[in-house]
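Read the structure below first, then the notes.
The values are calculated or read from the model by the stated rules, or taken from the named source; none is laboratory data. This is a predicted model, so every value here is computed, not measured. Note that we place each Cβ from the backbone using ideal geometry, even for glycine, and neighbour counts take in every protein chain shown.
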Amino acid sequence: MAMISIIGAGPAGNYLAYLLAKNNFDVCVFEEHKTVGLPVQCTGITTSYLGQLIELKKDFVINTINKARIFAPNNRFVDVRIDNNIILDRTKFDQYLMEKSKKAGAKFFLNHRFLGYKNNIIKIQDINANMIKDIETDYLIGADGPLSDVAKSTGLKGKRDFLIGIQARVKLNNSNVVEFYPFIKEYAWVVPESKNIVRIGLTTRKNPKKALNDFVRKRLKKYDIIDMQAGLIPMYNPKLRTQKGNVFLVGDAATMVKATTGGGIIQGLIAAKALADSIINKKDYNKEWKKAIGRDLLMHLKMRKIMDKFSIKDWNYLIKLFNEEKPKKILENYDRDFPSKFLVKLALIEPRLLYFLKYIF
Ligand SMILES: Cc1cc2nc3c(=O)[nH]c(=O)nc-3n(C[C@H](O)[C@H](O)[C@H](O)COP(=O)(O)OP(=O)(O)OC[C@H]3O[C@@H](n4cnc5c(N)ncnc54)[C@H](O)[C@@H]3O)c2cc1C
């Protein structure tokens with residue numbers, strides 16, 4: 001069976017390893033950190049769609065949330081029902097996927113850093129042994145996150161633009177409602193992890209620490225920060241090449257992230273499924289992942305462009321509109337992962353929303 005080298009043991013790499021190992025491929029996963037799932041650089045909220053991809057376990061689902069409150073700058077808000085949104089313990093989630101793929105036969109090499117690729121040979125640094133190994137491989141998969149070394153060393157880097165995601169875990173008694181602040185920096189949130197801890201964060205282009213401090217101070221009178229986490233979030237680039245011969249990119253390495261909120265867990269898993277199917281059944285990967293998530297990622301990118309141009313008045317107007325019965329009902333059926341169908345419906349029901357289309361042209 002063909003040998004497949006996956007670089008990166010995040011959700012996309014581990015899920016792909018599981019799907020391929022299950023189909024008898026010889027799969028090796030190389031991860032530069034000594035522990036899978038650490039450091040955490042994620043808030044870990046997903047829609048319930050996650051349950052359609054993998055069996056949800058109490059080990060890693062640490063909370064579920066059914067209500068979101070979306071704020072406007074004038075402090076008005078709209079409350080919307082969100083069915084069973086999932087809050088993950090990212091470390092346990094990544095480790096669960098690793099264990100699942102190990103059981104299916106995949107081998108994991110931690111403390112192993114990918115350095116380069118040429119003529120079917122990957123160069124891997126064994127950090128513990130302080131030595132460099134040359135390993136022959138039939139397929140190379142870059143599941144190695146936003147700065148993808150695989151993309152860099154194989155000519156697939158393309159044009160990349162990033163947001164910075166930053167969050168603090170803060171002690172706060174709360175009523176299990178997610179708060180979204182789409183007008184603060186690129187996007188800001190308060191996500192309850194438990195009854196007395198929230199993950200409060202935002203995405204921004206610059207000065208992340210200051211932006212987060214300002215937001216935390218504005219939202220909370222008194223606060224007790226447990227820890228802070230930050231990481232890069234790639235902006236989706238629809239023109240990026242995700243395959244070159246037997247080299248493939250998946251997940252954040254392929255910029256498969258929602259440009260509105262910065263969420264990418266579900267998108268990475270869906271693309272991993274498309275990649276496994278493409279390798280197993282010799283399909284065109286580019287076509288397969290675009291069929292599954294391309295349209296929606298593009299829609300998020302367009303929404304991002306509109307959001308970037310919004311004024312305070314626009315945000316206040318939008319939240320006011322969503323407080324009316326019909327648009328609110330549609331908003332409640334909005335699936336954040338798949339916005340394309342929803343937006344057309346919404347525009348038909350609420351033509352006043354077309355007011356915002358001026359920002360596209
Ligand atoms: C602050 C913040 C909050 C976020 N919140 C959410 C959220 O609430 N919901 C959501 O859906 N998404 C969220 N995201 C995005 C989400 O974290 C990513 O989309 C997701 O982790 C992508 O998974 P991945 O497997 O593609 O890559 P990653 O999770 O980045 O995994 C890549 C792995 O590759 C390894 N690696 C990198 N280079 C090498 C190398 N040269 N050799 C070996 N290994 C290497 C890394 O160590 C890492 O383990 C957030 C991101 C940030 C920064």
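Here are a few things to note about the model shown:
- GLU179 modelled with pLDDT of 95 or more, within 12 Å of the ligand (Cβ to nearest atom) and in a strand (DSSP E or B): no
- When the criteria are applied in full, GLY158 fails the requirement of being under 20 Å from VAL27 (Cα atoms) and touching a Leu at 6+ places or on another chain (Cβ under 6 Å).
- Given (1) outside any strand (DSSP E or B); (2) buried (at least 20 other Cβ atoms within 10 Å of the Cβ), number of the condition LYS152 does not satisfy: (2)
- Taking the stretch 18-61 as the range and being touching a Leu at 6+ places or on another chain (Cβ under 8 Å) and among the aliphatic types (A, V, I, L, M) as the test, the residues that pass are VAL27, VAL36, ILE45, LEU50, LEU53, ILE54, LEU56, VAL61.
- All positions within the stretch 201-228 that are in contact with a Lys or Arg (Cβ under 8 Å, 6 or more places away or on another chain) and buried (at least 17 other Cβ atoms within 10 Å of the Cβ): LEU202, THR203, THR204, ALA211, PHE215
- Checking ILE141, ILE124, ILE54 one by one, the residue that is in contact (Cβ under 8 Å) with a residue 40 or more places away in the chain, crowded, with 21+ Cβ neighbours inside 10 Å and closer than 30 Å to ASP337 by Cβ is ILE141 and no other.
- Of the residues making up the stretch 107-127, just one is more than 13 Å from the ligand (Cβ to nearest atom) and β-branched (Val, Ile, Thr), namely ILE121.
- Taking the criterion of being more than 7 Å from the ligand (Cβ to nearest atom) and either surrounded by fewer than 24 Cβ atoms within 10 Å (Cβ to Cβ) or assigned to a strand (DSSP E or B) (or both), the residues of the stretch 1-16 that qualify are MET1, ALA2, MET3, ILE4, SER5, ILE6.
- Note on the stretch 142-197: residues that are under 14 Å from ILE233 (Cβ atoms) and either within 17 Å of the chain's Cα centre (by Cα) or among the polar types (S, T, N, Q) (or both) amount to 16.
Per-residue answers, yes or no, for (1) farther than 23 Å from ASP79 by Cα; (2) of a type in the set (A, V, I, L, M); (3) part of a helix (DSSP H, G or I):
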| position | (1), (2), (3) |
| --- | --- |
| LYS291 | yes, no, yes |
| LEU297 | yes, yes, yes |
| ILE306 | no, yes, yes |
| TRP315 | no, no, yes |
| LYS320 | no, no, yes |
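- Condition check for GLY142: within 9 Å of the ligand (Cβ to nearest atom) and within 30 Å of VAL198 (Cα to Cα): no
- Picking from residues in the stretch 227-276 that are more than 15 Å from the ligand (Cβ to nearest atom) and either within 12 Å of the chain's Cα centre (by Cα) or in a strand (DSSP E or B) (or both), the one that is nearest to ALA292 (Cα to Cα) is GLN243.
For every residue, the table says whether it meets (1) more than 21 Å from VAL61 (Cβ to Cβ); (2) free of Cβ contacts under 8 Å to residues at least 40 places away in the same chain.
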| position | (1), (2) |
| --- | --- |
| ASN119 | yes, yes |
| ALA151 | yes, no |
| GLY165 | yes, no |
| SER194 | no, no |
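- Counted residues, the stretch 219-237 - those being over 21 Å from MET256 (Cα atoms) and either of a type in the set (A, V, I, L, M) or not assigned by TED's automatic domain parsing to the domain that holds ARG69 (or both): 4
- Out of ALA292, ALA276, sole residue that is buried (at least 21 other Cβ atoms within 10 Å of the Cβ) and on the phi < 0 side of the Ramachandran plot: ALA276
- Close pairs (6 angstrom Cβ cut-off, 6 or more residues apart or separate chains): in contact (Cβ under 8 Å) with a residue 24 or more places away in the chain and of a type in the set (Asp, Glu) in the stretch 9-35, within 7 Å of the ligand (Cβ to nearest atom) and outside any helix (DSSP H, G or I) anywhere: GLU31/ALA9; GLU32/ARG113
- Residue match in the stretch 69-76 (condition: more than 29 Å from ASP227 (Cβ to Cβ) and at pLDDT below 95): no
- Subset of the stretch 79-106 [over 15 Å from the mean Cα position of the chain (by Cα) and within 11 Å of the ligand (Cβ to nearest atom)]: LEU97, MET98
- Filter result for PHE30 (within 12 Å of the ligand (Cβ to nearest atom), of a type outside the set (Ser, Thr, Tyr), farther than 20 Å from ILE270 by Cα and crowded, with 16+ Cβ neighbours inside 10 Å): yes
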